[in-house]
1. Give me the extension gain from residue 70 to residue 118: residue separation times 0.36 nm, minus the current Cα-Cα distance, reported in nm with one decimal.
2. Going by average Cβ density within 10 Å per residue, which order do the peptides 117-123, 64-70 take, highest to lowest?
3. Need the full-extension length gain, residue 60 to residue 132, defined as separation in residues times 0.36 nm minus the C-alpha distance. One decimal, nm.
Amino acid sequence: MNSTGGTFGAYVLCETSRATSTNAVHNAQTGIHSQGFEVKPPVTSPDNKYTAYQYSMNWDDAQAYCISHQHAGLASIHSVSDQESASYACRGIISDTDDTGVPHGCWLGFTQRGTMGTWTWNDGSPVTYVNWAPGEPNDYRAEGAASAGVGEEVAEMAFRSDFGHGFSGGGWNDNHVDGQAGHGQSVSLFGSS
């Protein structure tokens, strides 16, 4: 998988495999992107529970990426402590700019696919904690966007200060599986994974 220009999505936030505590193998390049933001290496939370990768991709590809890199899958969050830990990893790869077209969040393994209106963790673990930003989930259907006909079926941890309503601290936002809820395009990052 690679991060191609003109694609939508969010960055990848994996839950470290319960079977192994080693970090996943990754191919990361760092430097300054042509649009001026820093391309960062993966960030692992201090408790080694979550690792965030600065690869922009859709939700399904992000889930597959986590599994193929020996993680348990996209992050499941079950407590304030988990939220803080996952937020640390995700915030570590987010651009400090408010540029449109640059992802400002990380996918979570939280979905209502096949159970519209009932949110579940894709690993089957119980829902014991949520951190929706104010007004979320809202199943926003932007006219002309991919979400217009489908709605928002998956969740991301967002850090978009320009939206102002709870996202700057890692509040959760429901989004279309391709990240196309009208939030703008992502930009091409260095290399591929």
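1. That works out to 14.4 nm of additional length.
2. 64-70, 117-123
3. Full extension of this stretch gives 23.8 nm more.
The numbers here are math on the coordinates, done by the rules we state, and not lab data. All of these numbers come straight from a predicted model, not from anything done at the bench. Ideal geometry is used to build each Cβ from the backbone, glycine not excepted, and the neighbour counts take in all protein chains shown.
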